[in-house]
Amino acid sequence: MSGLVFPIIDISPFTAGGNEDAKKKVIRTIGDACAKHGIFQVINHGVPDEVIDRQLEYMRTFSAYPDEEKSKWKPKTDDLFYSGYVDMSKISQFKKEEFTINHPDCGYNVYPDNPPGFREDMLETFSYLSRTAVIIEGILNDYLGLPPGYLKQYNNERKQDNMSSFHYLAPKDPDEEIIGVISHRDSTILTILIQDGTGGLEVYEDGKWIPVTPTEGALTVNIGDPMQAKKVLSNGKLKSVEHRVVRPVGKDRYSGFGHLVTIDKWMEPLPQLTINEAPKYKGFSFGEYTLKRLKDLRDSPSTPETAHTINSYAIQPKVTEV
Ligand SMILES: O=C(O)CCC(=O)C(=O)O
Ligand SMILES: [Fe+2]
């Protein structure tokens with residue numbers, strides 16, 4: 001089945017200016033895509049093509065360096081929140097290497113000397129992706145009928161945002177495991193993904209895996225658990241998408257993404273969305289949830305069945321006693 005089942009949405013009314021009707025149409029299209037699929041692609045998103053291309057190219061160059069050079073830029077500490085170069089295949093089921101930065105003010109960012117310009121480029125891409133994420137968060141705010149700016153104010157600190165550049169090695173022999181990232185849902189409010197043209201991202205919907213075909217110039221956006229948490233926050237109205245990455249045989253794959261999360265928050269279905277319906281999730285600390293997820297990844301690689309997810313906080317429907 002074609003990956004084009006997931007809509008490609010032009011958000012220029014928000015990035016380049018548009019009238020109220022055009023904006024309303026975008027809000028409806030994005031909201032419906034999030035409610036149905038939890039994933040869509042955006043064009044005219046305000047991130048210049050050359051910024052995206054450069055980001056992918058820098059990671060291509062960096063990942064080709066010898067291990068000795070790359071390991072100079074490992075995270076400075078063993079903390080679960082980290083920045084720098086990590087060969088994920090050594091610590092998790094993920095068959096990829098990555099370079100991660102967090103908000104420029106976080107105080108623990110690691111930036112490589114080489115290739116020259118990588119640092120500036122990561123910071124530029126980070127700032128562009130953050131801006132687009134805030135725009136999309138605002139669109140979802142309006143789709144859910146929340147007061148203007150409510151989500152932005154709720155999720156008001158950018159210090160936990162992060163961005164990783166990924167490199168997936170092409171499987172070398174036909175028997176090699178081809179999964180790059182196992183089936184999961186993101187712990188972000190939303191994820192904005194830069195995909196190169198290789199493909200490999202797949203979404204689980206209606207009992208089958210559907211490829212998300214990369215579209216030239218588009219960014220892929222997906223909803224994460226906390227927004228489902230907007231299913232916690234949204235009390236179930238927006239879908240946190242189940243996805244994985246399959247490593248295309250014979251082709252290295254490069255991607256990158258910006259996260260949008262705030263760690264210090266107490267999460268629960270927003271009161272405005274539980275007036276006429278019972279909350280589907282109990283409240284929890286977002287920090288505790290995130291730490292458990294990171295531990296799953298780093299210390300005790302989990303399976304989809306054992307992973308700590310938003311469902312750990314789901315309120316089961318009460319059984320009526322007869
Ligand atoms: O590389 C990708 O396309 C997606 C990676 C991903 O889903 C993740 O790391 O959470
Ligand atoms: Fe993901």
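The values are calculated or read from the model by the stated rules, or taken from the named source; none is laboratory data. Not measured: the values here are computed from a predicted model. Ideal geometry is used to build each Cβ from the backbone, glycine not excepted, and the neighbour counts take in all protein chains shown.
A compact table of results
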| quantity | calculated |
| --- | --- |
| Pair list, Cβ under 9 Å, 6 or more apart: the stretch 36-52 residue of a type in the set (D, E, K, R), other residue surrounded by fewer than 23 Cβ atoms within 10 Å (Cβ to Cβ) | K36/E205; K36/K239; D49/E216; D49/G217 |
| Output for the stretch 220-242, where each listed residue is among the polar types (S, T, N, Q), modelled with pLDDT under 80 and either touching a Pro at 6+ places or on another chain (Cβ under 7 Å) or within 22 Å of I182 (Cβ to Cβ) (or both) | Q228, N235 |
| Qualifying positions in the stretch 183-199 - touching a helix residue (DSSP H, G or I) at 6+ places or on another chain (Cβ under 9 Å), within 12 Å of ligand 1 (Cβ to nearest atom) and assigned to a loop (DSSP other than H, G, I, E, B) | R185, D186, S187, T188, D196, G199 |
| Total residues in the stretch 33-75, condition among the charged types (D, E, K, R) and touching a strand residue (DSSP E or B) at 6+ places or on another chain (Cβ under 7 Å) | 3 |
| Sole exception among (1) in contact with a helix residue (DSSP H, G or I) (Cβ under 6 Å, 6 or more places away or on another chain); (2) over 22 Å from E242 (Cβ atoms) for E176, by number | (1) |
| Number of the condition not met by P174 [criteria: (1) in contact (Cβ under 8 Å) with a residue 12 or more places away in the chain; (2) within 25 Å of Y289 (Cα to Cα); (3) not hydrophobic (A, V, I, L, M, F, W, C)] | (2) |
| Positions within the stretch 6-29 being in contact with a strand residue (DSSP E or B) (Cβ under 6 Å, 6 or more places away or on another chain) and of a type in the set (A, V, I, L, M, F, W, C), in sequence order | F6, I8, I9, I11 |
| Any chance E202 is over 22 Å from K237 (Cβ atoms), over 16 Å from the mean Cα position of the chain (by Cα) and either in a loop (DSSP other than H, G, I, E, B) or without any contact (Cβ under 8 Å) to a residue 60 or more places away in the chain (or both) | no |
| Failed condition for D252, given (1) surrounded by fewer than 17 Cβ atoms within 10 Å (Cβ to Cβ); (2) more than 14 Å from ligand 1 (Cβ to nearest atom); (3) at pLDDT 80 or above | (2) |
| Sole residue being within 23 Å of K239 (Cα to Cα) and surrounded by 18 or more Cβ atoms within 10 Å (Cβ to Cβ), chosen from I52, I43, I30 | I30 |
| Criterion: among the hydrophobic types (A, V, I, L, M, F, W, C), modelled with pLDDT of 80 or more and closer than 30 Å to S63 by Cβ - qualifying residue of L291, L297 | L291 |
| Answer residue from the stretch 137-165, given it is within 30 Å of Y254 (Cβ to Cβ) and among the acidic types (D, E) and is farthest from the chain's Cα centre (by Cα) among those | E157 |
